[in-house]
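See structure below.
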Amino acid sequence: MKIPLCPFNALIVTIEKKYYDSVTFSSGITLEIDPTWHPEEHAMLKAKVINVPLGITNRYDYRGMICSIQPGDEILMRYDVVFSYHKQLDNKTSEFKNMLVWFNEDTGQHEEFWRCDIQQVFAVIKEGEYIMQNGYVMLEPFAVAELRPTFLHMPEMIKDDAPKFKATVKYINQPLTTETTIDINTGDVVAFNPLVVQKYEIDTKRLWIIKQSHILAKVV
């Protein structure tokens, strides 16, 4: 089967669905959700790589980036791969900026592919572990229970009442090729500017993403 060729800087990927429409709790209970309410919060974050870029442009915003990703890899990507439109037509219909409709000559069917810029790739996922790409770091925010006396009942409205400027490093890998390796490892607590954090949630698990260059200090 012929597949779309990648432009410079971008991967071609497929996704199971555009939005998360259910949430599964640790108890195993799954609830259906309506992704049309704040769809940016439910945009699909995982994809399978079909093709990789021809190369990375020698441009300032791509400095130090490489692509070690292979076809068949599963990746964690930024929300705006899906949640990005050419124009908004109405509340229910939109033209997806990164979606490619491709005619499969073998099946006679049209198929959906997605363009994912290398800057939008956070990690490669292998056996449930995240291999961070191009200097991104995954953080695990502190739970309120770790910060408050356990005998106090904390109402739901303040469940996010935790430090916004520090968190535990969950996954970290090599920096950009233009930057030096920093002495930060999994399990370290780091401080950073809370304004640069990208916050995601998959099945009630919170993921914070920052760049290595945004780490201000190791908390000891």
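Any read-out appearing in this document is the output of simple, stated calculations on the displayed coordinates, not a laboratory observation. Worth saying up front: this structure is predicted, and the values here are computed from it rather than measured. Cβ sites come from the backbone with ideal geometry, for glycine too, and all protein chains shown count toward neighbours.
Listing for the model above:
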read-out	value
Length added when fully stretched, Glu179-Ser22, from 0.36 nm per residue minus Cα-Cα	52.6 nm
The chain - Rg (one decimal) and Dmax (whole number), Cα, Å	19.2, 64
Pairs beyond 28 Å (Cα-Cα), from Lys48/Lys199; Lys46/Lys218; Lys48/Lys97; Lys46/Lys170; Lys48/Lys170	Lys46/Lys218
Label-to-label distance, nm, for residues given as Tyr60 and Gln119 (7 Å Cα→Cβ offset)	1.2
Ranked Leu100, Leu45, Leu195, criterion: other C-beta atoms within 10 Å, fewest first	Leu195, Leu100, Leu45
GNM top mover of Ile210, Ile182, Ile131 - the chain, alpha-carbon springs below 10 Å	Ile182
Given charges at beta-carbon only (K, R positive; D, E negative), |dipole| of the chain in Debye	600
Potential lengthening between Ser68 and Asp106 on full extension [0.36 nm per residue; Cα-Cα distance subtracted]	10.7 nm
Exposed GluC sites (Glu not before Pro) absent - longest run of the chain, DSSP non-H/G/I/E/B, at most 12 other C-beta within 10 Å	128-220
Anchor Lys126: aspartates and glutamates whose Cα lies under 14 Å away (excluding residues fewer than 8 positions away in-chain)	Asp73, Glu74
Using a Förster distance of 30 Å, the FRET efficiency for Lys126-Glu95 (Cβ separation, nearest 0.05)	0.35
Region 1-72: translational diffusion in µm²/s, Stokes-Einstein, Kirkwood Rh over Cα pairs, 20 °C, 1.002 mPa s	143
Taking Asp188, Asp73 and counting other C-beta atoms within 10 Å, the order from fewest to most	Asp188, Asp73
